[in-house]
Amino acid sequence: MEAGLEFEPAGTARKVVLGILAGLDERQLVPGQRLAETDLALRYDVGRNAVREAMQHLSVRGIIELEANRSPSIRKLDLAESMEVLDVAEAMTALAARTAAGRYVERLHAKLLRDVLQRLDMAAADREEGAFNAARRQFYRVLLRIGDNRELRRLFPSVGMHIIHVQYSMPELQKVRRRDYADMAAAVMKKDAALAEAVARRHVDNVRGAIADWHARRSDGHMGAR
């Protein structure tokens, strides 16, 4: 089983969780959208209890917001919330990269890293955003698998980065991720824990800067329209 997936719910609730994640990757679902329980049950051919279990799980992961007497909605972040998510993500990503570098074994892990980097390059070349997002998640699963820290594997999906990636789907960020993931993988394969951590922190800082610039452009555009 892939690292991190063992913490997904079992049975039909898992079907809903994976379906919603795929829907976000493919832009069939968007931040701020409300999700009616009946519609989800019909879409995924499951009972309402499975939908409720899936919503609870996705809420813990920071993907869904639950509100009393209202349908759950896909989380939408403002700039301050985005920066808070990235602050936590920086620490977690740095730990994941550092741990992977410390436990890397070439005969066990080299192919895993090379394969996922190739998958990222192919998805980018084909301009398949959904495939790229799936490969991005797989990259982190590989790091978590190499690092083999069960507590980190349990906590990592709850950081809320999935919504960051969905909400800020800028072409320049995909280029940043391809470059930084390759650098991170190279540091892990060198077994250089300090370098791996530094590259991971730099990557999150690059994402942080791109998101801040995006919000600044939107703010300038709104001011100019007045």
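The table for this structure:
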| item | result |
| --- | --- |
| Condition met for Leu117 (crowded, with 17+ Cβ neighbours inside 10 Å, not polar (S, T, N, Q) and not in a helix (DSSP H, G or I)) | no |
| Single unsatisfied condition, Ser169 versus (1) in a loop (DSSP other than H, G, I, E, B); (2) modelled with pLDDT of 95 or more | (2) |
| Out of Phe139, Phe132, Phe156, sole residue that is within 13 Å of the chain's Cα centre (by Cα), farther than 17 Å from Ala94 by Cα, assigned to a helix (DSSP H, G or I) and not assigned by TED's automatic domain parsing to the domain that holds Leu58 | Phe132 |
| Close pairs (8 angstrom Cβ cut-off, 6 or more residues apart or separate chains): not assigned by TED's automatic domain parsing to the domain that holds Val166 in the range 56-71, of a type in the set (Ser, Thr, Tyr) and modelled with pLDDT under 90 anywhere | Val60/Ser158; Arg61/Ser158; Gly62/Ser158 |
| Sole exception among (1) over 17 Å from the mean Cα position of the chain (by Cα); (2) surrounded by 14 or more Cβ atoms within 10 Å (Cβ to Cβ) for Glu81, by number | (1) |
| Gln174 being assigned to a helix (DSSP H, G or I), touching a residue at least 24 places away in the same chain (Cβ under 8 Å), touching a Lys or Arg at 6+ places or on another chain (Cβ under 8 Å) and within 26 Å of Gly23 (Cβ to Cβ) | no |
| Residue that is modelled with the highest pLDDT, among those in the range 21-58 that are within 19 Å of Tyr140 (Cα to Cα) and surrounded by 19 or more Cβ atoms within 10 Å (Cβ to Cβ) | Leu58 |
| Residue list for the range 143-196, filter: basic (Lys, Arg), surrounded by 15 or more Cβ atoms within 10 Å (Cβ to Cβ) and closer than 20 Å to Gln118 by Cβ | Arg145, Arg177, Arg178 |
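The values are calculated or read from the model by the stated rules, or taken from the named source; none is laboratory data. Keep in mind that this is a model prediction, so the values were computed, not measured. A quick note on method: Cβ atoms are made from the backbone with ideal geometry, for glycine too, and the neighbour counts reach across all protein chains shown.
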